[in-house]
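Have a look at the structure below before the remarks.
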Amino acid sequence: MADSQTWTAAPAAAERARSLLATAWSCAVTAEGGREEFVGAHTVADDGRVLLQVPEDSALLGAAIFAPRGEPSAVLEFADVAPVPVRGRVRARLWMAGRLAVEEGCLAFHPTRLVLRGPSGSVVIDPEEFAAAAPDPLATAEARLLTHLADCHGDAVERLTRLVDAGSLHGVVRVRPLAVDRHGLTLRIERTGAHGDVRLPFHTPADDVSQLTERMHVLLTRASAAACPRALQRHRTDGEG
């Protein structure tokens, strides 16, 4: 069930992909040697190459070294998992097709095609745009920030729902912080049999955590001045909030 709230002031797809890679802990690699999953094994170079530290007995490493036709092709898959427990916890998936090469003691993956799939569908990302993009400045702090907001400031999350269109709150049973980036905060609206997301954009982007604090204060000030949605009032009356 889609929400009527419009997604605005969101990061570009290439930036979202770089942010996903900066925070993802695991990846799956499919190549001529089969499929392998690695945990904590990847980093991303400034030019967009994905560097993989794999075990010496990895079939993937053997495929790269002994490929009869030169550098083998491969597909890398990454999942963006919400740090706060919510329904449908995987926020997005990134697939990267390209070629592998042994460089500087590790496997270097050169992407030639990238597809990012999120709630609104799939987007093909230009490899040059991906290489030129940088992760969101809040990406590595997002998990800590959202967990703190959910665990210690539930009253603030509830107050922020005053900025959400009333139609998006019909049948609400729980609201949780889903994502935050320099452009805004996303809330997951959970209903009895469905869920959806709404975007609360900041008035101007935040380049670090201190600026994010100011942006959140502005949102909360706006929320305090708004009327409490009737749907949420009924939710509290039912004893579920």
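The values are calculated or read from the model by the stated rules, or taken from the named source; none is laboratory data. Every value quoted in this text rests on a predicted model; they were computed, and no experiment measured them. All Cβ positions, glycine included, derive from the backbone under ideal geometry; neighbour counts span all protein chains shown. Remember, those area values only see protein heavy atoms, side chains included, never the ligands or the DNA or RNA. Shrake-Rupley method; radii C 1.70, N 1.55, O 1.52, S 1.80 Å.
Observations
- Counting only strands (runs of 3 or more DSSP E) that fall entirely inside the range 12-128 and contain at least 3 residues that are open to solvent by 20 Å² or more (accessible area, probe 1.4 Å) and either of a type in the set (Asp, Glu) or under 30 Å from Val173 (Cα atoms) (or both), the qualifying elements are 73-81, 90-103.
- Whichever residue in the range 197-219 is surrounded by fewer than 16 Cβ atoms within 10 Å (Cβ to Cβ) and of a type in the set (A, V, I, L, M, F, W, C) and, among such residues, is nearest to Arg182 (Cα to Cα): Val209
- Per-region count, the range 193-214, residues outside any strand (DSSP E or B) and touching a strand residue (DSSP E or B) at 6+ places or on another chain (Cβ under 6 Å): 1
- Any hit, the range 69-76, residues being in contact with a strand residue (DSSP E or B) (Cβ under 6 Å, 6 or more places away or on another chain), free of Cβ contacts under 8 Å to residues at least 24 places away in the same chain and not small (Gly, Ala, Ser): no
- The condition of being crowded, with 16+ Cβ neighbours inside 10 Å and more than 17 Å from Ala139 (Cβ to Cβ) does not hold for Ala194.
- Scan of the range 138-149 for residues that are under 13 Å from Thr186 (Cβ atoms) and touching a helix residue (DSSP H, G or I) at 6+ places or on another chain (Cβ under 8 Å), ordered by number: Leu138, Glu142, Leu145, Leu149
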